[in-house]
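Asks: Quick one: the structure is below, questions incoming.
Taken together, the values in this text are just the output of simple stated rules run on the coordinates, not laboratory data. Keep in mind that what you see is a predicted model, and the values were worked out from it rather than measured. Cβ coordinates were reconstructed from backbone atoms using ideal geometry, including for glycine residues, and neighbour counts include every protein chain displayed.
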Amino acid sequence: ITYRLYTGEPDLPHIISLIASELSEPYVIYTFRYFLTQWPHLSFLAYTPESPTPIGVIVCKQSFHESSTRGYIAMLSVDKRYRKRGIGDTLVKISMEAMKLDGVEEISLETEHDNAPALSLYESLGFIREKRLYRFYLNGKDAFRL
Amino acid sequence: MEPGSMVAIDGFSLHDAMTAIEIGDPRLDTGMQLEAVERPEFDPLTPLLPEEICWIIDRSMAYETEWHASNQLAHTVFTLLYVHCLNDVDPDVLPIFSMLDLDSSRPLELITLVLRAYTSGLLKSCNLAWNELSRGSLLDAEDWHSDKSEVSLLEGWPVEAAVARLDSGLTWLSTTTKVPLLWQEALKFRLQFRRNILLLLNYTESLPRDLGVFDEILQSTRHCLSIIRAHPCRSITSSSPARAAFDPYIARRLNTFLPVRIIDLPSWEHTCDAYERLLNGWEDIARLSKTYQISTWNQVGFQQSWFSAPVARPAYIRSCAQTLFFDGMQVVHSQPQGWLVDRLFEETIGVTYTAFAQHWGGSGTVSLVELERRVIHTVIPHIRGLWNNPARRRRFLVKSILDWHMIYDTLCGLVESVDTINIDPVAFRTLNQFPKAIVLWRLASIREVILSGFQLELYHPLERPFAYWFVAEVIDIHLNYLDAVLKGMAGVVPHNSPSRKEIHYQHVFLVALQAMSMAMFMSLIRSFPPNTIFNQWEQLRTNLRRRYKWAFNSAYDDYDFEPVVLELDFTRFLREVQEVQGQEIMNNTELKDHAEKSSKSSSEYFELAQRLLQSLISTNNTGTLEGNWGHDRMRLLLGMSETCQELQSFFSGSSSDGDTSQILVSKLDWTRSFSNNIPKTPWFPSVRLHGQGGAEA
């Protein structure tokens, strides 16, 4: 598995396809562009020799929040066929390193309260469930902010 | 512009990006329909069988409960197409020939009188609930959804007119020979149920006026619900024209910006359970409307979340409770805001605020106005906040911890300024009770913040021992303050006063809770591989500082008096972890003394808790809570007692089998996320039965 930085618009359709197929929350193209145009250096893709299109993606941002620089993992998706190979884990670690290089002091994200694989992944990397957000998602599910 | 570049307005935010809609995107553009979906054509005047009308009503009831469960009207109630064509089934405007029954088993009155009346009542019911929610403090798009998509909820139509229409439907059903008796009764109960729901919604606004009538309607509604529950309408054939009465994709044709979402309709049992929760909520509201003890409001507010979180009770009921407590002008519909100040102290320490205020010239004087303002602006949001959804409630309680300290600081400053030479000792002792009263409320909030973390499934497994340990510490301090308050009451507050009674109950309950917490702390530490806490301390410490960041709030530096319970004593925690793990105790007198005092085993702690809980249960002691609230308290005590037994057997059995660590941990069920799985206690795990899944939550 190889990993590379997001390089531009040609990557966008593949990213949209990966995210749309795996995440419940629908995002318009403007949402993707919001992240990828402003923080292209914080988004990474995973490739395998078997597939010409990426099999995993992570999209992040960073901003100034209450006197500290905070990173945010907006989207993480790995193609179902390639799960349980540590791809998600690696994508998160790569993006965390990139955000740390940028001076980020803390990183947050949200995930569905019953998304056990995501919770397990992030908690193994040291994230904690800071708060619960009631009916955060359009499907009515609660979220944990990690 | 280069490919891939973007122009955005200044301050273009994520919210702006996410609220944009791409025209033609079927996920978000509700008007976009990719494939032709064959839907049976809907003609509101298609004659239907009585059982088909019943089916439609039952389905619409399920959708109504889903709206109350914080879903959109466009995805629930409005999927009933009769909502959009009530005028088309108005018998007063239909041509005469269409009123002729071509099929005697499908009399048109079932639609023009019965279903029309029901649908009108349904819309009016939604209107009344909408009004309450929109003027309340619960959050749109979180606790409920206000979007009406420009569909009428019969806003300008009087409730009496809706009731009259339902009465006409009921009258026709009672006198007609066109409908078999079985279905007459089934439809009558449903119409009666709708009528009662409408009246309950209407009467809620004027509580406690007409309380007797309200109670009667509530009982009648319960009766109707029990009949309806026991006799659900059987499903109709797939080719029945009644199926055309619902369009889950109706949002495509309505003025709404949210994507279509197909709601999975709950089962009939779950629908009836949801209505029962509404009725139980109304019963609480009726009782609260004549409750003028803020301590009761406080306890009821805590209890209603203990038995339901992380799921929230119906937003409508929570909003009613908040509005009832404070509607923007008066407290509990009739009391001035200043009344709260007196109630707070009288109920907590048995002494009126006047006994304090007289030393500064009385209530409302320059010296006291800031204190009184702070009390009012803390108590009102505190009580109302207990009816937020559980996640928001916890965040609110965290913020209130500092607010309580501000009052405490002000009170301490005032007491300190008193001339101690010329004051009666009893009076001075009484004055010193006032800051303690505030400490009791603050400590209860801190305890709730810690314990609600279990209900909301926030804690990592390594955090749980600390949470139990810390709550035991907080309870220890709370007990000391209860003792001090009781001591201060001697000779001042009668022995049979409500405040004493409640303190006695709280004392026993808190010792039991503390014992269970210590037992869990010890048992969990022992379940980890040796030195786990120490090996992972760097990460754990960082997490705990984040988790309990309110305890490190620098805002406390602005106040003169030190807060009771603030910074966490990690050193002591680690020492106790060390002791529990049975490691060599350092040669330190203080430690040895401490070890001797805390030499109970986890089993002994569970036994102590059991004894104390049983002492309350066997004497039916629920403090000052009575009726259903007393039953709820008793239910908590019974649940804790059962949990005590269960966990004690579990941990004792496991340690004797040598069963430790991961196997042990995986058998404990910490999940709270299933609304139908009501745990015995809010804050302790249950033991998975043999064969159930063992994934660690």
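Asks: Quote the Stokes-Einstein diffusion coefficient, in whole µm² s⁻¹, for the range B:340-460, based on the Kirkwood radius over alpha carbon pairs, a temperature of 4 °C and a viscosity of 1.567 mPa s.
Replies: Result for D is 84 µm²/s.
Asks: Between A:Thr7 and A:Thr53, take the C-beta separation as r, use R0 = 22 Å, and let me know the FRET efficiency to the nearest 0.05.
Replies: After rounding, the FRET efficiency stands at 0.95.
Asks: Across all directions of projection, what mean area in square nanometres is found for the Cα convex hull of the range B:453-580?
Replies: Here the figure is 10.0 nm², rounded to one decimal.
Asks: Please identify, among A:Phe136, A:Phe64, A:Phe127, the residue showing maximal mean-square fluctuation in a Gaussian network model of chain A using a 10 angstrom Cα cutoff.
Replies: A:Phe64
Asks: Note the full-extension length gain between B:Val418 and B:Thr19 as 0.36 nm times their separation in residues minus their Cα-Cα distance, in nm to one decimal.
Replies: 137.7 nm
Asks: Rounded, prolate or oblate: which fits the range A:1-58, taking a ≥ b ≥ c as square roots of the Cα gyration tensor eigenvalues, rounded meaning a/c under 1.5, else prolate when a/b beats b/c?
Replies: Since a/c reaches 1.5 but b/c is at least a/b, the shape of the range A:1-58 is classed as oblate.
Asks: Among B:Thr354, A:Ile107, B:Val213, whose Cα projects farthest towards the positive end of the dipole of the protein assembly as shown, with charges put on the beta-carbon of Lys, Arg (+1) and Asp, Glu (-1)?
Replies: B:Val213
Asks: Which value in nm describes the separation of the simple spin-label points at B:Thr171 and A:Lys80, placed 7 Å from the Cα toward the beta carbon?
Replies: Each label point lies 7 Å from its Cα, and together they span 5.9 nm.
Asks: If each DSSP helix of 4+ residues adds -39,500 (n - 2.57) and the sum is divided by the residues in chain B, what number results at 222 nm, nearest 500 deg cm²/dmol?
Replies: Result for chain B, helices only: -18500 deg cm²/dmol.
Asks: Stokes-Einstein D for the range B:100-189 at 4 °C, 1.567 mPa s, Kirkwood Rh over Cα pairs, in µm²/s?
Replies: 86
Asks: Cα-based Rg (one decimal) and Dmax (whole number) for the range B:361-407, in Å?
Replies: So, for the range B:361-407, Rg and Dmax equal 12.9, 43 Å respectively.
Asks: Return the subset of B:Lys124/B:Lys399; A:Lys131/B:Lys487; A:Lys131/B:Lys290; B:Lys399/B:Lys680; B:Lys501/B:Lys600 for which the Cα-Cα distance in this structure is over 31 Å, preserving the input order.
Replies: Over 31 Å Cα-Cα: B:Lys124/B:Lys399; A:Lys131/B:Lys487; A:Lys131/B:Lys290.
Asks: Take chain A, connect every pair of alpha-carbon atoms lying under 10 Å apart with a spring to form a Gaussian network, then pick out the residue of A:Leu36, A:Leu91, A:Leu12 with the largest mean-square fluctuation.
Replies: A:Leu12
Asks: Just want the ordering: B:His333, B:His478, from fewest to most Cβ atoms lying within 10 Å of their own Cβ.
Replies: So the ranking, lowest neighbour count to highest, is B:His333, B:His478.
Asks: Let me ask another. Would you mind pulling out the separation of the Cα centroids of the range A:81-116 and the range B:421-491, in Å?
Replies: 40
Asks: Go ahead and run the numbers for FRET between B:Asp215 and B:Ser615, Cβ-Cβ distance against an R0 of 30 Å, rounding to 0.05.
Replies: Taking R0 as 30 Å, the efficiency between B:Asp215 and B:Ser615 is 0.30.
Asks: Work out Dmax and Rg for the protein assembly as shown from the C-alpha atoms and quote the Rg first, both in angstrom.
Replies: That works out to 30.3, 102 Å for Rg and Dmax.
Asks: Would you mind calculating the gained length between B:Lys178 and B:Asp88 on full extension (0.36 nm times residue separation, minus the Cα-Cα distance), in nm to one decimal?
Replies: Additional length available on full extension: 30.2 nm.
Asks: Right, another one. Report the gain in length on full extension from B:Tyr559 to B:His231: 0.36 nm times residue separation, minus Cα-Cα distance, nm rounded to one decimal.
Replies: Full-extension gain reported as 111.7 nm.
Asks: From the C-alpha gyration tensor of the range B:479-537, pull out the three semi-axes of the equivalent ellipsoid (sqrt of 5λ each), sorted largest to smallest, in whole Å.
Replies: Semi-axis lengths for the range B:479-537 are 39, 11, 6 Å.
Asks: Average projected area of the Cα convex hull of chain B, in nm²?
Replies: 40.6
Asks: Excluding A:Ser68 itself, calculate the net charge of residues whose Cβ lies under 11 Å from the Cβ of A:Ser68, where each Lys or Arg counts +1 and each Asp or Glu counts -1.
Replies: -2
Asks: Between the range A:118-146 and the range B:275-306, what is the separation of their alpha carbon centroids in Å?
Replies: Their Cα centres are 30 Å away from one another.
Asks: At 7 Å along Cα-to-Cβ for each site, give me the label-to-label distance between B:Trp268 and B:Arg546 in nm.
Replies: 4.9
Asks: I would also like to ask the following. Give me, ordered by chain and number, the residues 5 or more places off B:Asp669 or on other chains with an amide H under 5 Å from its own placed amide H.
Replies: Counting only residues 5 or more places away or on other chains, the set is B:Ser686, B:Val687, B:Arg688.
Asks: Report the Cα-based extents of the range B:41-83 along its three principal axes, largest first, to the nearest Å.
Replies: Here the Cα extents, ordered largest to smallest, are 33, 19, 12 Å.
Asks: Does anything in the range A:48-62 have its amide N under 18 Å from the 7 Å Cα→Cβ label point of A:Asn115, and if so which residues?
Replies: Counting only backbone N, you get A:55-62.
Asks: A further question on this structure: What whole-number distance in Å separates the alpha-carbon centres of the range B:336-413 and the range B:44-72?
Replies: Here the answer is 47 Å between Cα centres.
Asks: By the gyration tensor of its Cα atoms, with a ≥ b ≥ c the square roots of the eigenvalues, what is the shape of the range B:536-580: rounded for a/c under 1.5, prolate for a/b over b/c, or oblate?
Replies: The shape class here is oblate.
Asks: From the convex hull of the Cα coordinates of the range B:186-328, what is the mean projected area in square nanometres?
Replies: Computed as one quarter of the Cα hull surface, the answer is 11.7 nm².
Asks: How long are the semi-axes of the ellipsoid equivalent to the range A:1-113, from square roots of 5 times the Cα gyration tensor eigenvalues, in whole Å, largest first?
Replies: Calculated on Cα positions only, the semi-axes equal 22, 15, 14 Å.
Asks: Among A:Leu45, A:Leu121, A:Leu18, which one shows the highest mean-square fluctuation when chain A is modelled as a Gaussian network with alpha-carbon springs under 10 Å?
Replies: Of the options given, A:Leu121 has the highest mean-square fluctuation.
Asks: D for the range B:65-138, whole µm²/s, Stokes-Einstein with Kirkwood Rh over alpha-carbon pairs at 4 °C and 1.567 mPa s: what number?
Replies: 91
Asks: Using a 7 Å offset from the Cα along the Cα-to-Cβ direction at both A:Ser67 and B:Lys399, what is the distance between the two label points in nm, to one decimal?
Replies: With each label placed 7 Å out from Cα toward Cβ, I get 1.9 nm.
Asks: Using Cα pairs closer than 8 Å and at least 6 residues apart in sequence, work out the relative contact order for chain B, in percent.
Replies: 12
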